[in-house]
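Trainee: Handing you this structure, nothing more for now.
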Amino acid sequence: MVYDISTVRSRELGNALRLAMENAKLTGKQAAILLGWSESRVSRALTGSSVPSPLNLSALLAVCRVTGEERDYLLHLGQPAATLGWQTDHRILADNQRQALSITAFHGALIPALFQVHGYARALITRTLNVPFGEVKERVAARLTSQRIFAHKRPPACTVFVHELSLQLPVGGAKVMAQQLHHLLRLSMRPAITIRIVPTAAGAQPGLIGSCCLLEFAEFAPVAYLDNEVAGLFIEEPEQVATYQRVFTALATAALDEEQSRDKIRAVAASRYLEHGGAAGWGEN
């Protein structure tokens, strides 16, 4: 299959520029005339097949009347060597999750972010050393907002591998874990979502070295996203992406099937968190 040659960052910039032109009620031809560019040059910027130089990007933003924080964001996005802040990183990831045909995720010790309930996400983010206390609420809200992709008419097919140990790690306390496990059970019944438990008995597995999210698209090459204490990282080189595809193939071999996984979640809930899983606790997000 021949994929579009754009990158995650150039597509994000192109999408934002296209929206800015629409808001400014400018066509590609009109923008080209104002800038003294060819129409194809404008088109390449909007599709993400090329990234304008900082000077040219600034000029394009000016004719589109983009100002303030959005202008700063797009200028920052146009610098490939720049380190992304968490808000920029989250925005790019969320946009790519919305565009994806399929999402596959795993975290060696935790419930993957797309499936976390509020209390679980807050407990994790609060204990993250590089997150200022004043940002906790905003980051929790951003994480929960990204889960709205599952409410779309055609959500991406999502497969999440959850290690058995993460079902037992009491993140946020027993009540939060009761809510979290029930949330996993409910999600597992949705047609577009597959949850598979990697049992402790499977021993060492490739995925245990860290978290990973693999996103696959209709027109673009698949990308992997890695998240750590300092920043997120998009992996786009085909050979490196293939490594993570092999990781998920290995996890699929080791993991329980869907019904066995639901049984495992129920068993852990019953043995450790049942006393906190009454009507109010179990149904709460």
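Trainee: Pull up segment 205-226, narrow it to residues that are surrounded by fewer than 19 Cβ atoms within 10 Å (Cβ to Cβ), within 24 Å of His90 (Cβ to Cβ) and out of contact with any helix residue (DSSP H, G or I) (no Cβ under 7 Å at 6 or more places or on another chain), then point me to the one that is modelled with the highest pLDDT.
Mentor: Glu216
Trainee: Say we look at segment 181-197 and pick out the residues that are more than 22 Å from Arg272 (Cα to Cα) and under 21 Å from the mean Cα position of the chain (by Cα); which of these is surrounded by the fewest Cβ atoms within 10 Å (Cβ to Cβ)? Reasoning before the result, please.
Mentor: Step one: filter segment 181-197 for residues more than 22 Å from Arg272 (Cα to Cα), giving 189-194.
Still in the running and under 21 Å from the mean Cα position of the chain (by Cα): 190-194.
Details: Arg190: 12, Pro191: 7, Ala192: 16, Ile193: 21, Thr194: 19.
The residue in question is Pro191.
Trainee: Of the residues in segment 13-50, how many are open to solvent by less than 40 Å² (accessible area, probe 1.4 Å), among the aliphatic types (A, V, I, L, M) and either out of contact with any Ser or Thr (no Cβ under 8 Å at 6 or more places or on another chain) or at positive phi (or both)?
Mentor: Total meeting the criteria: 11.
Trainee: Give the residues of segment 100-141 that are assigned to a helix (DSSP H, G or I) and either among the basic types (Lys, Arg) or touching an Asp or Glu at 6+ places or on another chain (Cβ under 7 Å) (or both), sorted by residue number.
Mentor: At the first step, the residues of segment 100-141 found to be assigned to a helix (DSSP H, G or I) are 113-115, 118-126, 133-141.
Answer for segment 100-141, where residues must be assigned to a helix (DSSP H, G or I) and either among the basic types (Lys, Arg) or touching an Asp or Glu at 6+ places or on another chain (Cβ under 7 Å) (or both): Arg122, Lys137, Arg139.
Trainee: Can you name every residue in segment 51-78 that is open to solvent by less than 20 Å² (accessible area, probe 1.4 Å) and outside any loop (DSSP other than H, G, I, E, B)?
Mentor: Answer for segment 51-78, where residues must be open to solvent by less than 20 Å² (accessible area, probe 1.4 Å) and outside any loop (DSSP other than H, G, I, E, B): Leu57, Leu60, Leu61, Leu74, Leu77.
Trainee: Considering only segment 166-180, state which residues are open to solvent by 70 Å² or more (accessible area, probe 1.4 Å) and touching a helix residue (DSSP H, G or I) at 6+ places or on another chain (Cβ under 6 Å).
Mentor: If we filter segment 166-180 for residues that are open to solvent by 70 Å² or more (accessible area, probe 1.4 Å), which is where we start, we get 169-170, 175.
Answer for segment 166-180, where residues must be open to solvent by 70 Å² or more (accessible area, probe 1.4 Å) and touching a helix residue (DSSP H, G or I) at 6+ places or on another chain (Cβ under 6 Å): Pro170, Lys175.
Trainee: With the requirement that a residue be assigned to a strand (DSSP E or B) and open to solvent by 20 Å² or more (accessible area, probe 1.4 Å), what does segment 151-165 give you? Step through it out loud before you land on a result.
Mentor: Kept after step one, since they are assigned to a strand (DSSP E or B), are these residues of segment 151-165: 157-163.
Result: Ala157, Thr159.
Trainee: Here is a follow-up. Quick one: what pairs do we get from segment 244-264, first residue closer than 13 Å to Ala204 by Cα, second among the β-branched types (Val, Ile, Thr) and not in a loop (DSSP other than H, G, I, E, B), C-beta under 7 Å, 6+ apart or different chains?
Mentor: Leu251/Val198; Ala254/Val198; Ala255/Ile197; Ala255/Val198
Trainee: Then there's this: Looking at Leu184 and the list (1) touching a Lys or Arg at 6+ places or on another chain (Cβ under 9 Å); (2) modelled with pLDDT under 95, which single condition is not satisfied?
Mentor: Of (1) touching a Lys or Arg at 6+ places or on another chain (Cβ under 9 Å); (2) modelled with pLDDT under 95, only one is false for Leu184: (2).
Trainee: Further question: With the condition kept exactly as written, say whether any residue in segment 147-155 is in contact with a Cys (Cβ under 9 Å, 6 or more places away or on another chain) and of a type in the set (A, V, I, L, M).
Mentor: Step one: list which residues in segment 147-155 are in contact with a Cys (Cβ under 9 Å, 6 or more places away or on another chain), which gives 149-150.
The next check asks that each one be of a type in the set (A, V, I, L, M); those that pass are 149.
Checking segment 147-155: at least one residue is in contact with a Cys (Cβ under 9 Å, 6 or more places away or on another chain) and of a type in the set (A, V, I, L, M).
Trainee: Go through segment 121-150 and give me each residue that's more than 16 Å from the chain's Cα centre (by Cα), open to solvent by 40 Å² or more (accessible area, probe 1.4 Å) and of a type in the set (Val, Ile, Thr).
Mentor: Once the filter is applied, which keeps residues that are more than 16 Å from the chain's Cα centre (by Cα), open to solvent by 40 Å² or more (accessible area, probe 1.4 Å) and of a type in the set (Val, Ile, Thr), segment 121-150 yields only Thr126.
Trainee: Could you give every pair whose Cβ atoms fall below 6 Å, whose first residue belongs to segment 200-225 and is without any contact (Cβ under 8 Å) to a residue 24 or more places away in the chain, and whose second residue is assigned to a helix (DSSP H, G or I) and open to solvent by 30 Å² or more (accessible area, probe 1.4 Å), counting only separations of at least 6 or pairs across chains?
Mentor: Listed pairs, sorted by first residue: Ala224/Tyr244.
Trainee: Are any of the residues in segment 151-165 within 15 Å of Val268 (Cα to Cα) and hydrophobic (A, V, I, L, M, F, W, C)?
Mentor: Within segment 151-165, the subset within 15 Å of Val268 (Cα to Cα) is 162-165.
This time we only want the ones that are hydrophobic (A, V, I, L, M, F, W, C), so: 162, 165.
Looking through segment 151-165, at least one residue is within 15 Å of Val268 (Cα to Cα) and hydrophobic (A, V, I, L, M, F, W, C).
Trainee: Quick one: would you say Ala202 is of a type outside the set (Ser, Thr, Tyr) and surrounded by fewer than 16 Cβ atoms within 10 Å (Cβ to Cβ)? Show your work before the answer.
Mentor: Numbers: of a type outside the set (Ser, Thr, Tyr): yes; surrounded by fewer than 16 Cβ atoms within 10 Å (Cβ to Cβ): no.
It is false that Ala202 is of a type outside the set (Ser, Thr, Tyr) and surrounded by fewer than 16 Cβ atoms within 10 Å (Cβ to Cβ).
The values are calculated or read from the model by the stated rules, or taken from the named source; none is laboratory data. Fair warning: this is a prediction, and the values are worked out from it, not measured in the lab. Here the Cβ is made from the backbone with ideal geometry for all residues, glycine too, and neighbour counts use every protein chain on show. Keep in mind that these areas ignore ligands, DNA and RNA; they rest on the heavy atoms of the full protein, side chains included. Shrake-Rupley method; radii C 1.70, N 1.55, O 1.52, S 1.80 Å.
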